[in-house]
1. Relative contact order, percent, of chain B when contacts are C-alpha pairs under 8 Å separated by at least 6 residues?
2. Two decimals, Cα atoms only, Kirkwood Rh: what is Rg/Rh over chain A?
3. Using a simple spin-label model with points 7 Å from Cα along the Cα→Cβ vector, what separation in nm is obtained for A:Ile261 and A:Tyr56?
4. Please give the length that would be gained between A:Phe29 and A:Ser123 if that part of the chain were fully extended, namely 0.36 nm times their separation in residues minus their C-alpha to C-alpha distance (nm, one decimal).
5. To the nearest 20 debye, what is the magnitude of the charge dipole of chain B about its Cα centre, counting +1 on the Cβ of each Lys and Arg and -1 on the Cβ of each Asp and Glu?
6. With the contact rule set at Cα under 8 Å and sequence spacing of 6 or more, what percent relative contact order holds for chain A?
7. A:Lys22: which aspartates and glutamates have alpha carbons under 13 Å from its alpha carbon, excluding same-chain residues fewer than 8 sequence positions away?
8. Could you list log10 I(q)/I(0) for the protein assembly as shown at q = 0.07, 0.08 Å⁻¹, which the Debye formula gives when each Cα is one point scatterer?
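Derivation of every value follows stated rules applied to the coordinates shown; laboratory data play no part. If you're wondering where the values come from, they're calculated on a predicted model, not measured in any experiment. Every residue, glycine as well, gets a Cβ built from its backbone with ideal geometry; the counts of neighbours run over all protein chains shown.
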Amino acid sequence: MADRISDFYTLPLDDWIEVVVKEWLVPNFRPVFRAVQWPIDQVLGGLEEFLLWLPYPVFVVVVPLIAWRVAGGGVALFTLLSLLFIDLLGIWRETMVTLAMILTAVTFCVLVGVPLGILAARSDRFAGLIRPVLDIMQTIPPFVYLVPIVMLFGVGIVPGVIATIIFALPPVIRLTNLGIRQVQAELVEAGLAFGSTRRQLLFEIQIPLALRTIMAGLNQTLMLSLSMVVIAALIGAGGLGLTVFTGLGRLDIGRATLGGIGIVLLAIMLDRITQALGEGRHAQRPGLKESLTRWLKGLVQGSKAYNERR
Amino acid sequence: MADHTATSGTNRKVCVEHLFKVFGADPADTIRRIREGAPKDRIYAETASVAAVADVSFSVAPGEIFVVMGLSGSGKSTLIRCLNRLIEPTEGRILIDGEDIVGLSADALRRLRLNKLSMVFQHFALFPHKSVGENVEYGLKVRGMAARERREKALRALEQVGLAAHADVPPANLSGGMQQRVGLARGLAVDPEIMLMDEPFSALDPLIRRDMQDELLKLQQQLRMTIIFITHDLHEALRLGDRIAIMKDGRFVQLGTPEEIVAHPADDYVAAFTRDVDRSRVFRAQSLCRDAHALSADEDAGVAAERCEALGREALFVVDAERRPLGIVRHRDLERDATATPGDALITDFPSTRGDAELVTLYGACATGLPIALLDDAGRLEGVVEPLEVFHWLGGTGAEGGGAASSGGEGEATPASAAPSETRRRDHG
């Protein structure tokens, strides 16, 4: 009858965790958690305010133009139509909130992830240390994140973004590490042989050559954060996730689908643009740079000629 | 302790003493085993350690091209990377201008790399994200040179290799040979005192490789850098090297001038390489030089004939007071007409060459059957080369036999080994 250990004894791990978190972690480290929240809150607030302040027509013109510049005509057209459609559905505001959350999360992922990736590329020891952590971060289902986040940071949009950052961070670290390690050994040797400092080596050779891989990591991070931003609605984050979430709660299928459509369109737009950013960077940028310098040169020469004539 | 005279000698640019590089768990133990003379295979079997460089010593004079030749796995690439410490040597000293660089701090090492050393790589190692010009500028940029100044310098370096017009294209747009010219220009742009070249031409087509070798020799004539050149191609080594070290299993099997290595291979390993070498392009006329025992113009025919007989020569040169050859007299012409002066039997259309000429250029002269006059820069007679001896040397058996005989017979017959000779370089250009 009694053939399980749990019939006699269950380990009260849940109680222990609760004690550790409630009695020790929260009271003792409250300032730390506050401090972590502060910059995210600032960036998020600023971005959200900016995106909502930006007049709709400006947005609809500028973003497709960027898409055109970076990714070409097709993506630009798609972006334009998507933006019009999102507004047509009446979910513009929610979309902007979600976009602000994503951009905030990605910004912090890059700020934290790229340096960690560089560190991991430089030191095998650090890479060995960080790898299992990243593995765990990527295998834990996103819902499980939310529990400690709520306990430590409370509910709301900022904890939602924090959960997103943690969830979306691994790819950018991994691919930065990978990208730098993949730079041909002979190129690194060439850099060193000509007397580069480690800093010069990093910025002149390693990062530029790893950029494609880093951008691929950024793209993945972006996609992950997009999916997490929706789930984060569970702990009180707003935006399109909330639309889906409330739609589900009220069995309002139409409303939930609207949120879903908005998320999908946003995802495709961001994916296309960032992918193109990673791939077409080398081909595109000199063109822009050249046209700018040419324009400036023309300006200088023109004014010179004008002055001389006077 | 690295004083300038003790071990390195004052005129040595680079001096390597008992250098070891061991890859493995216990380098000290491996070095001990090597010193005891254990073979590479056994050391690996017993300790899983490999000595890529095992007790290598050599020194390079300023302006010399020192070639290290070895097959893959011989440790030559490790050796050259030890010289600028891209690979940290395990033991030994590397003196550059008398200063031991093995103990240098990171900062001092960086300054050394910035100011004295430069490197050219096997697979070019051009930065694909920078233009050709920016690649060449790189060594100057990390020095902190201003943009305009370094651009000018880079363009000058590109001009030296004939690529100034390509400064603004990405290196991927260039062919392999052109890419390595860029690599060379990048190395030259920093005005290095020492150029390390790691199999720079190995990845190129044979014809382009030859062009690049010529180009390097031409540049070297103007710049007179100290070059340490790695190759797996003995022909390349023979063409470029003032001295050559043959490397095998981390050790130098033989170190010598091209002539020495081809004439006297140290062991079967070296001999296997030198077997199919075109000896007529390695040996030079001066290796076969014999005393001319020239006649002066006023000596009479009898004396001349006697001297021919005494020396066993078919013919002798007649020189003026400045030792400039006037012509040649044949023994049999003198015999036929005993009353004539040497002047009467004089053949003025005699073959001549210079000491640094390759034997391949002497075939036409040999066909006359007359001894070939070796002239110096001022046109004075330095010695003579017997036509038959040329073929003796080319035959290979003559290398030891002929060489030994000539040096035994006449004290002044020196294989051109004395020094990395200035004259040898000249004919390449």
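1. Working: 805 pairs, mean separation 63.1, N = 429.
After rounding, I find 15 percent.
2. Values: Rg = 24.1 Å, Rh = 22.5 Å.
Rounded to two decimals, Rg over Rh is 1.07.
3. Distance between label points: 1.5 nm.
4. Numbers: separation 94, 0.36 × 94 = 33.84 nm, distance 3.00 nm.
Stretched fully, the A:Phe29-A:Ser123 segment lengthens by 30.8 nm.
5. Working: 51 positive and 65 negative charges, 454 e Å.
Dipole of chain B, to the nearest 20 debye: 2180 debye.
6. Values: 316 pairs, mean separation 66.2, N = 310.
That works out to 21 percent.
7. Once the sequence-local aspartates and glutamates are set aside, what remains near A:Lys22 is A:Asp14.
8. Those come out to -0.73, -0.86, one per q.
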